[in-house]
Amino acid sequence: MAKFFMNYFSFFFFLYRLVFKPSKNPKAFHRTASNIHANEGKLYHKYPSFAHRANLSKDQTLLLFNVEDALLKSPSLFPYFMLVAFEAGGLLRAFVLILSYPLLRLVGEDMGLKIMVFVCFFGVKTKSFRVGSAVLPKFFLEDVAVETLEVLKKGGKKVGFSNVPRVMIESFLRDYLDIDFVVGREVKVFRGYFLGVMEDKKQSNAALETIIGSQGLGICDVIGISGFKGSLQYHLSSHCKEIYLVRKADKRSWQRIRRDEYLKPLIFHDGRLAFMPTPLATLAMFMWLPFGITLSIIRAISGILLPYRLSIPILAYTGFQLSLSPNPSLQSSNTRKTRGRLYVCNHKTLLDPLYLSFSLQKDLTAVTYSLSRVSELLAPIKTVRLARDRDQDSKMMEKMLNKGDLVVCPEGTTCREPYLLRFSPLFAEMSDDIVPVAMDSHVSMFYGTTAGGLKCLDPLFFIMNPRPSYNVRVLDGVYGLSSFLGGGERSRFDVANHVQSEIGKALGFGCTRLTRRDKYLILAGNEGIVNKC
């Protein structure tokens, strides 16, 4: 029996090393090194020495860099393809990709890349593919190394090239890193659908040659940054005056950039996955799904059917964290109200009014702009749909305030990042008893918001997380339009901006002038048309 267990664990350890330990190919390394020394007249340096160069001219420097080897800290591209598979193809396609992971470890890097491209792109509509602009930039930015970002700031015109499909990297490089030219491999298309097959490398190499030829005139320094892993391509060795080579040891010591170091702030992003889907993390997600679906049903039934005194303890027992920071001054003045109180919240998920109701343990009415019919039917609190017509909506809100307390989210849409969108000023005219409420939520596996998917599934994905949390903080009351100093038409904007700034200060969020329309144009390519179900 002891011999059997010894053989079993030996076999398991062998499979672990085969699948999860990065493969080494010393022959390929020596072949690359020999090619390096064969190119006479070229200056090859180890990558860290680039940081000491201070004599770069922005007008006289053309910087070429490999995205995978010189920009991203992660050594694997699998998580990015998993994002494409899950967000563009669905759960089944993602499951096929994770099942193919052992095969990807056994075949070569080029073949593994082709398999991932086929699994992720085959049969996907080109018009509906927005993962490259709406989902991937967030995860790419979180993987950018500080050292490389400093290098890019030194260079003049910058050219990023990669072996992955261009539709995956172009938006990230152009919109968030100000890269002038992006060269990647094209995915073949037939009648508006991706075929899952990439164009030959020669075409991307030819495109890079064209860029160097057109931009290299009058440029003194053409500098390339690549890796040891692959052999240097002809366009690097023939055009670059200097080439800096990145080793694996260099990447292990790199530091990822923080949010405040981004060249441009990341405010909007889409997709359901809230974690970097590495192989082990993706496997954990698929193992969690049966439990998560069951748990979400229990949480939903508890929140919809049971009274507050029973539902709140049950939600806490299932791992849901709900914290409230009440305002004693508001509670003491509650007895002299003649109308309903107007609660003004920032918008994190569709469940904001519900969790405010749970926190205060009182019935509230929520005004909504684009809630799906299913969500309206299942909502345990009363909801009123607004028409986006100022006169009609003001009459509706006035009517609801005469009946009781009202909740409004004047941003009009959710924002995942620590920013507040512009507050619509309509609420400022409705009441002199305005209570700002700062809302924040945290998830570890699934986002409970979407711009391009089905809105009716948003609450389900949120409560499917292992330990979702909500923090509700009630702030000091604010006077409305009739009591606000200044009067006139402009004052309602002053009230809205004041409430936005107070909530932003309480949460540590930045205040923006962006609107709901801006969000949907960036993420979904429309002005906020909702998929109703």
Wholly inside segment 384-477, strands (runs of 3 or more DSSP E) that include 1 or more residues that are in contact with a His (Cβ under 9 Å, 6 or more places away or on another chain) and surrounded by fewer than 20 Cβ atoms within 10 Å (Cβ to Cβ) are 469-474
Any idea how many residues of segment 308-319 are surrounded by 14 or more Cβ atoms within 10 Å (Cβ to Cβ) and in a helix (DSSP H, G or I)? 5
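Can you find, within segment 356-383, the residue that is farthest from the chain's Cα centre (by Cα) among those that are of a type in the set (Gly, Ala, Ser) and assigned to a loop (DSSP other than H, G, I, E, B)?
As a first pass, look at segment 356-383 and keep what is of a type in the set (Gly, Ala, Ser): 357, 359, 366, 370, 372, 375, 379.
The next check asks that each one be assigned to a loop (DSSP other than H, G, I, E, B); those that pass are 370, 372, 379.
On the way: Ser370: 22, Ser372: 23, Ala379: 27 Å.
Only one residue tops the list, namely Ala379.
Determine which member of the set Leu263, Leu245, Leu273, Leu283 is of a type outside the set (Phe, Trp, Tyr), in contact (Cβ under 8 Å) with a residue 24 or more places away in the chain, closer than 28 Å to Phe129 by Cα and buried (at least 19 other Cβ atoms within 10 Å of the Cβ). Write out each step before concluding.
Values: Leu263 fails: buried (at least 19 other Cβ atoms within 10 Å of the Cβ); Leu245 fails: closer than 28 Å to Phe129 by Cα; Leu283 fails: buried (at least 19 other Cβ atoms within 10 Å of the Cβ).
Unique residue meeting the criteria: Leu273.
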Modelled with pLDDT of 90 or more, on the phi < 0 side of the Ramachandran plot and hydrophobic (A, V, I, L, M, F, W, C), is that true of Leu245? no
How many residues does segment 93-125 hold that are aliphatic (A, V, I, L, M) and farther than 18 Å from Glu199 by Cα? 9
Somewhere in segment 320-329, is a residue at pLDDT below 90 and in a helix (DSSP H, G or I)? yes
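The values are calculated or read from the model by the stated rules, or taken from the named source; none is laboratory data. These numbers were taken from a predicted model, which means no experiment stands behind them. So basically every Cβ, Gly included, is an ideal-geometry build from the backbone, and we count neighbours across all protein chains shown.
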